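Heads up: the structure comes next, in C-alpha cells.
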Amino acid sequence: MTATEWPPSRPVMGYNTWYQFRTSITESEVVRQAELLVSSGLAAAGYKCVNLDDGWMAAERAAGGELTGDSVKFPHGIRWLADQIHALGLRFGIYTAIGARTCQSLPGSWGHYDQDAKTFATWGADFVKVDDCGGLPASTTVDTLTEYFRQFGACLRRHNPEVVYSQELPIHQIGKPSFRPAVRASAQFADMWRVAHDEYPLTHDDASAMILGHLAADLELHSFAGPGHWNDLDMVAPAFPASGWTLADLRNQLSVWAMEASPLLISADIGALPPAALADLKNPHMIAIDQSGQQCSTVIMNGDIEALMKPDPEGGTAVLFVNVGTEAGTGRFALPAFGITSARATGHNAWTGETTTFGEASVTLEAGQTLLIRIEGG
Ligand code: GLA
C-alpha cells in the first residue's frame, strides 16, 4: 500500500487494541501506540491504520441517540483521538456491532446503522469493524443477518465513500453450510471479513494448532480474495510476547498470513516488542508476499509436508512449506512442481536471508513448523 492509497487495494496493515488491552484501552494508550508505530518504523513499513476495538464506547448512548466514547477512558472524545492519529500521518479505525450490544455488552448499532455511520464519518474514521455479538431480533436468519451487514455497509459508504468496511458475518457460520455463502456475500459488499475464530486460547502450546487451523479454514476461499477484498485471519502478534508465543510462533503466523494475503493488524504493546519481533514484523519479503494481494491457490503434499505457492512479487514463486503432521517429517518436491524447468533452483529464506541451491526441494520440519521461501530457477 502506498502512503496515499485509501481505501487500499492491498490487505490493510496496521494496529488493533484488542488482544493487548481489551476493554482497558484509553486514549493516552492509543496515542502512545500510534506514536510507537511511527518511531519503531512499523508505520513506514506499511502498518498505518490504528484501530480501536471493543470497549471504547460509553455504556449509554447520548441524549440524541449518538454513540459516544467512554468519558473516563477517552476524556477528549473520539474525534480528538482521530485527529491525533491523523496528525501522525496514520489512519483511524473504530469498532461496533451489528446487533444491540458488542461482545462486551456495550451499545451496538442495531436500530442506529445510519446514525452511527454518520457519527463515525464525522469523527473521521477511515476504517470500521462491525462485529456479530447477538442482540438481534429472534427472527434473524443468516439471510436477514447478511442483509443487515449489507445495509450497514451501504450506510458507511454513504457517509464516507472511502471507508474500509471490515466485518464478522462469516465467523458464526464456520463449520456450517452457510459459511461459504456468507463469505461470498461478504466479498460483494465488504473490504475484509473474518473467516476464522478468535485466537483463543492464546498460549505457546496452542499457537501452531491455531495458526494451521486458520490456514486450513482459509485455503479453499482464495477465489473470494483480490484487490480490495480480503479473507481476514484475525490479528497478528496477539499480545506478543506476554502471551508466551515464541519468535518461531510469530514467524509461523506471519508466514501463513502473508501467503493468504490476510490483513496484518498488530495487536500487541509495540513498546514491549523485542527488536527481533519488530524486525520480523517489518520483514520486507514477508510484507511483499502479503501485499501482492493474491491469496495462495495451489497446494501440494508430500508426506506430512504441505507446499503452498503463489507468484512472488520479487520474482519466482513464494513457497510456504508446512508440517501439518504430529511429528517431525520430510517432504520432497521436484522442481517442475514450482514451475521450474531448469535442473537447479535457488531458494531465498524470507526470514534468515539464507540462499541455497538444489535440484529437488527436500524440507525437514518439526510438527507445526513452517518455512517461507522464494524459489526461482537457476
Ligand atoms: C469478538 C471479535 C474480536 C473482538 C471481540 C471484542 O470476539 O471476534 O475480534 O472484536 O469480539 O469484544
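The values are calculated or read from the model by the stated rules, or taken from the named source; none is laboratory data. Just so we're clear, the structure is a prediction, and the values are computed from it rather than from any experiment. Quick reminder, even Gly has a Cβ in these numbers, built from the backbone with ideal geometry, and neighbours come from all protein chains shown. These accessible areas exclude ligands, DNA and RNA; they are computed on the full protein's heavy atoms, side chains included. Shrake-Rupley method; radii C 1.70, N 1.55, O 1.52, S 1.80 Å.
Just name the residue that is nearest to the ligand (Cβ to nearest atom) out of those in region 167-190 that are in a loop (DSSP other than H, G, I, E, B) and open to solvent by less than 20 Å² (accessible area, probe 1.4 Å). Explain how you work it out, then say what you get.
Filtering region 167-190 for residues in a loop (DSSP other than H, G, I, E, B) gives 168, 174-178, 190.
So of that shortlist, the ones also open to solvent by less than 20 Å² (accessible area, probe 1.4 Å) come out as 168, 190.
Values: Glu168: 6, Ala190: 15 Å.
Going through the qualifying residues, I end up with Glu168.
When you go through (1) farther than 21 Å from Phe189 by Cα; (2) within 16 Å of the ligand (Cβ to nearest atom); (3) not hydroxyl-bearing (Ser, Thr, Tyr) one by one for Leu250, which number turns out not to apply?
Answer for Leu250: the failing condition is (2).
Hey, any hits in region 319-333 for a residue that's hydroxyl-bearing (Ser, Thr, Tyr), in a strand (DSSP E or B) and under 25 Å from Asp234 (Cα atoms)?
Here is the first cut: in region 319-333, the ones hydroxyl-bearing (Ser, Thr, Tyr) are 326, 330.
Now restrict to residues that are in a strand (DSSP E or B): 330.
Still in the list and also under 25 Å from Asp234 (Cα atoms): none.
No, because not a single residue in region 319-333 is hydroxyl-bearing (Ser, Thr, Tyr), in a strand (DSSP E or B) and under 25 Å from Asp234 (Cα atoms).
Cβ-Cβ below 9 Å, separation at least six or inter-chain, first residue in region 153-180 and free of Cβ contacts under 8 Å to residues at least 12 places away in the same chain, second assigned to a strand (DSSP E or B) and crowded, with 21+ Cβ neighbours inside 10 Å: which pairs?
As it stands, the answer is Arg157/Tyr165, since those pairs meet every condition given.
Specify which of the listed residues (Asp143, Asp131, Asp114) is within 12 Å of the ligand (Cβ to nearest atom) and either free of Cβ contacts under 8 Å to residues at least 12 places away in the same chain or in contact with a Cys (Cβ under 7 Å, 6 or more places away or on another chain) (or both).
Asp131
Out of the residues in region 227-243 that are of a type outside the set (S, T, N, Q) and in contact with a Lys or Arg (Cβ under 9 Å, 6 or more places away or on another chain), which is nearest to the ligand (Cβ to nearest atom)?
Step one: filter region 227-243 for residues of a type outside the set (S, T, N, Q), giving 227-230, 232-242.
So of that shortlist, the ones also in contact with a Lys or Arg (Cβ under 9 Å, 6 or more places away or on another chain) come out as 227-228, 230, 232-234.
Numbers: Pro227: 24, Gly228: 21, Trp230: 15, Asp232: 10, Leu233: 11, Asp234: 7 Å.
Checking each candidate, the answer is Asp234.
Name the one entry in Met309, Met301, Met286 that is at pLDDT 95 or above, of a type in the set (A, V, I, L, M) and under 18 Å from Trp230 (Cβ atoms).
On inspection, the qualifying residue turns out to be Met286.
Any residue in region 185-200 that is among the acidic types (Asp, Glu) sitting within a Cβ distance under 8 Å of a residue that is within 12 Å of the ligand (Cβ to nearest atom)? List the pairs, counting only those 6 or more apart or interchain.
The qualifying pairs are Asp191/Ser166; Asp198/Asp234; Glu199/Tyr19; Glu199/Asp234; Glu199/Met235; Glu199/Pro238.
Let me confirm something: among Leu106, Leu88, which residue is at pLDDT 95 or above, of a type in the set (A, V, I, L, M, F, W, C) and out of contact with any strand residue (DSSP E or B) (no Cβ under 6 Å at 6 or more places or on another chain)?
Only one candidate passes the filter, namely Leu88.
Out of region 192-210, which residues are open to solvent by less than 60 Å² (accessible area, probe 1.4 Å) and within 16 Å of the ligand (Cβ to nearest atom)?
Result: Met192, Trp193, Arg194, Val195, Ala196, Glu199, Leu202, Met210.
Hey, among Ala248, Ala272, Ala242, which residue is more than 14 Å from the chain's Cα centre (by Cα) and free of Cβ contacts under 8 Å to residues at least 60 places away in the same chain?
Values: Ala248 fails: free of Cβ contacts under 8 Å to residues at least 60 places away in the same chain; Ala242 fails: free of Cβ contacts under 8 Å to residues at least 60 places away in the same chain.
None of the other options fit; the residue is Ala272.
Could you tell me whether any residue of region 291-305 is in a helix (DSSP H, G or I) and either within 30 Å of Ser24 (Cβ to Cβ) or open to solvent by less than 30 Å² (accessible area, probe 1.4 Å) (or both)?
Yes, some residue in region 291-305 is in a helix (DSSP H, G or I) and either within 30 Å of Ser24 (Cβ to Cβ) or open to solvent by less than 30 Å² (accessible area, probe 1.4 Å) (or both).
A quick yes/no check of all residues on (1) at pLDDT 95 or above; (2) under 19 Å from Thr246 (Cβ atoms); (3) surrounded by fewer than 18 Cβ atoms within 10 Å (Cβ to Cβ):
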| site | (1), (2), (3) |
| --- | --- |
| Ala334 | yes, no, yes |
| Trp351 | yes, yes, no |
| Phe358 | yes, no, yes |
| Thr370 | yes, yes, no |
| Ile373 | yes, no, no |
